[in-house]
Each structure stands twice: as structure tokens, then as C-alpha cells.
1. So how many residues does the range 18-42 have that are in a helix (DSSP H, G or I), within 27 Å of residue 211 (Cβ to Cβ) and at pLDDT below 85?
2. Inspect all residues belonging to the range 231-240 and state whether any of them is modelled with pLDDT of 90 or more, surrounded by 17 or more Cβ atoms within 10 Å (Cβ to Cβ) and either touching an Asp or Glu at 6+ places or on another chain (Cβ under 6 Å) or part of a helix (DSSP H, G or I) (or both).
3. Is there any pair linking a residue in the range 210-227 that is in contact (Cβ under 8 Å) with a residue 40 or more places away in the chain and of a type in the set (Asp, Glu) to one that is assigned to a helix (DSSP H, G or I) and more than 16 Å from the ligand (Cβ to nearest atom), with Cβ under 9 Å and at least six apart or on different chains, and which?
4. Looking at the range 155-214 only, could you name the residues that are of a type in the set (A, V, I, L, M, F, W, C) and closer than 17 Å to residue 133 by Cβ?
5. In this structure, does residue 9 turn out to be among the polar types (S, T, N, Q) and closer than 30 Å to residue 213 by Cβ?
6. Among (1) within 29 Å of residue 205 (Cβ to Cβ); (2) in contact with a Phe, Trp or Tyr (Cβ under 9 Å, 6 or more places away or on another chain), which single condition is residue 18 missing?
7. Please indicate, with yes or no, whether at least one residue in the range 147-163 is closer than 19 Å to residue 59 by Cβ and in contact with a Cys (Cβ under 6 Å, 6 or more places away or on another chain).
8. In the list 129, 113, which residue meets the criterion of being closer than 27 Å to residue 199 by Cβ, out of contact with any helix residue (DSSP H, G or I) (no Cβ under 9 Å at 6 or more places or on another chain) and aliphatic (A, V, I, L, M)?
Amino acid sequence: MQNDMLVFSASILQDYLDCARRFELRYIIKQAWPAVQVEPIMEYEQHIQRGRLFHHFANQFFSGIPQDAILKNISDKKQQEWFMCLVDFSKTFSSNKHFSELRLFAPLERHKIIAIYDLIMQTSAEKIIIFDWKTAMNRPKSRYIFDKPQSLVYPYVLRKNYEALFPGIQQKPHITMIYWYPEFPNDTLRLDYSDERHVETVPLLKDQLNAINKNIEDNHFPLTNNKAKCKYCPYRSLCDRGVFAGELKDLDQIVPAEEEIEINFLDLPALDLRI
Ligand code: SF4
């Protein structure tokens with residue numbers, strides 16, 4: 001396999017860091033292995049669906065659809081509560097220009113990196129904020145989030161694209177990334193992507209990509225030694241790492257509930273625009 005064919009995302013890097021074998025099974029071999037990922041399964045699926053819909057409603061809102069029209073289509077009480085928290089939260093920022101549900105690519109040496117953004121907002125001539133909606137029911141510690149590949153990849157890719165998105169912006173705008181949890185609306189996680197952090201990020205990403213290349217060349221994909229990672233991995237039985245899935249209530253301590261929720265908008269309900 002030509003490793004140049006991989007487009008790296010934060011999720012792919014996270015899988016690699018969690019377990020090289022999982023990376024191989026998921027992205028190299030593309031091994032299908034149906035298994036319950038989290039218990040109780042119904043509650044987990046409801047949780048995933050709620051997260052998916054929240055992203056959908058947030059995208060509608062930031063695309064200019066009136067909040068009353070969106071709210072009218074939300075039947076779930078929790079979802080209504082989350083959406084109104086988002087509306088209130090949005091009032092704390094003034095947007096010069098913003099992009100909702102945007103995919104950007106950036107090169108890093110011979111590799112390509114993709115980031116899928118919930119919202120990118122220019123709030124002043126020299127400030128850009130990346131917003132990421134996290135619909136987990138637990139809010140992890142900031143260190144845990146800031147060390148994750150997403151906190152490297154998203155600001156890095158934006159830094160490589162800001163001139164195209166915001167023509168006329170001054171050189172090197174101040175980029176901030178905000179993780180916002182509708183369940184904890186007043187408890188945002190804010191990461192400033194300073195020049196110093198950018199200087200640290202580039203070699204970190206390069207090292208991770210080079211390590212992946214080396215594993216691919218050597219066909220070396222060891223199983224993780226951290227068996228806690230296996231609890232939420234669908235390949236548990238394939239790797240002989242247990243049969244039972246981990247519990248939803250502990251999920252965010254080990255793996256975020258949604259690293260990136262891939263939204264297929266065609267699968268989502270159409271909006272009734274009658275107010
Ligand atoms: S079950 Fe464990 S060892 Fe196997 S791929 Fe998943 S995380 Fe890796």
C-alpha cells in the first residue's frame with residue numbers, strides 16, 4: 001500500500017496513537033468487524049443520534065435559518081435545551097464572517113491533512129475562532145483535550161488556509177480553538193494557538209506522520225499495551241482482548257464520544273420552514 005494515499009485526519013492520528021493495530025485494521029486492511037462498541041447499545045445509539053442532530057441544527061442556525069424555524073423541528077427536550085444554549089452562546093460573539101461545516105486540507109511535507117470544522121468565525125480583523133461542538137455527557141479535563149491530535153490538526157490546517165478564507169486579513173491572525181459542550185454551556189475549553197504553539201505543533205505532527213510511514217513500510221502494527229483502549233474498540237474479539245464492550249458512562253474518560261461526527265445531511269430530516 002502506498003502510504004501517500006492516506007489523507008490524515010485527527011481521528012486517524014488518534015486511532016494510530018491509541019493502537020497501531022487498530023489503525024492497520026481500520027485504514028490499511030479496512031477490516032469490517034461488527035461488534036457492540038459501547039453498552040448499553042440503545043442508549044449509546046441515542047447519544048450518537050442526539051450528537052448528530054445537534055450538529056445538524058447548529059449548522060442550520062449558523063447558515064442563517066431562523067432559530068424559531070429550527071426549534072419548531074426539534075421534539076427532543078434535551079435537544080431543545082442544547083439548541084437554546086447554543087443560541088445564547090452565539091450571542092457572546094460577533095461575526096465578521098463565518099463558515100459552518102467546512103472541510104479544509106493542508107499539506108505537511110508530502111502528506112495531506114484534512115480537518116472538518118463545525119464553525120470557523122472571524123470575530124475581528126485579526127482574530128479567528130474555531131468552534132467545535134462536543135455533545136459528550138462528561139466534560140474532560142482541558143489537558144486531556146489539548147493534547148489530542150484534534151487540538152493540533154485543526155488550528156494547523158486553518159493557519160495554512162486563513163488567507164484564502166478571509167482575504168485581506170492581516171498576516172498571522174490570532175487563532176483560538178473553543179470546545180463547547182452544550183451540556184456544560186458555561187464551561188468552555190479554550191486553546192490559544194500562538195506562534196509558539198504552532199512552532200511546537202509542526203514537528204509533533206511531522207513526527208507522528210513519519211512514525212506512521214515507518215510502521216507502514218515495516219508492516220509493523222503492534223497491539224496496544226493499554227488494554228483499556230480495547231474496551232471501546234470493535235476489534236476486541238479479533239484481537240482476543242475480551243468480549244464485553246465498555247460502558248457508556250465511562251466513555252469520555254478513555255475515548256471521546258465523538259471525535260468527529262461525520263454528517264450525511266441527506267440522512268437528516270428536512271426542515272419545516274413554516275413559522
Ligand atoms: S482490540 Fe485493542 S489491540 Fe485490538 S485493535 Fe482494538 S485497541 Fe488495538
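The values are calculated or read from the model by the stated rules, or taken from the named source; none is laboratory data. Everything numeric here is computed off the predicted structure, so don't read it as measured data. Note: ideal-geometry Cβ built from the backbone for every residue, glycine included; neighbour counts use all protein chains shown.
1. Total meeting the criteria: 0.
2. No; the residues of the range 231-240 include none that is modelled with pLDDT of 90 or more, surrounded by 17 or more Cβ atoms within 10 Å (Cβ to Cβ) and either touching an Asp or Glu at 6+ places or on another chain (Cβ under 6 Å) or part of a helix (DSSP H, G or I) (or both).
3. Close Cβ pairs (under 9 Å, with a partner that is assigned to a helix (DSSP H, G or I) and more than 16 Å from the ligand (Cβ to nearest atom)) amount to 217/3.
4. 158, 177, 178, 180, 184, 189, 191
5. Answer is yes for this residue.
6. (2)
7. Scanning the range 147-163, I find no residue that is closer than 19 Å to residue 59 by Cβ and in contact with a Cys (Cβ under 6 Å, 6 or more places away or on another chain), so the answer is no.
8. 129 is the lone residue from the list that is closer than 27 Å to residue 199 by Cβ, out of contact with any helix residue (DSSP H, G or I) (no Cβ under 9 Å at 6 or more places or on another chain) and aliphatic (A, V, I, L, M).
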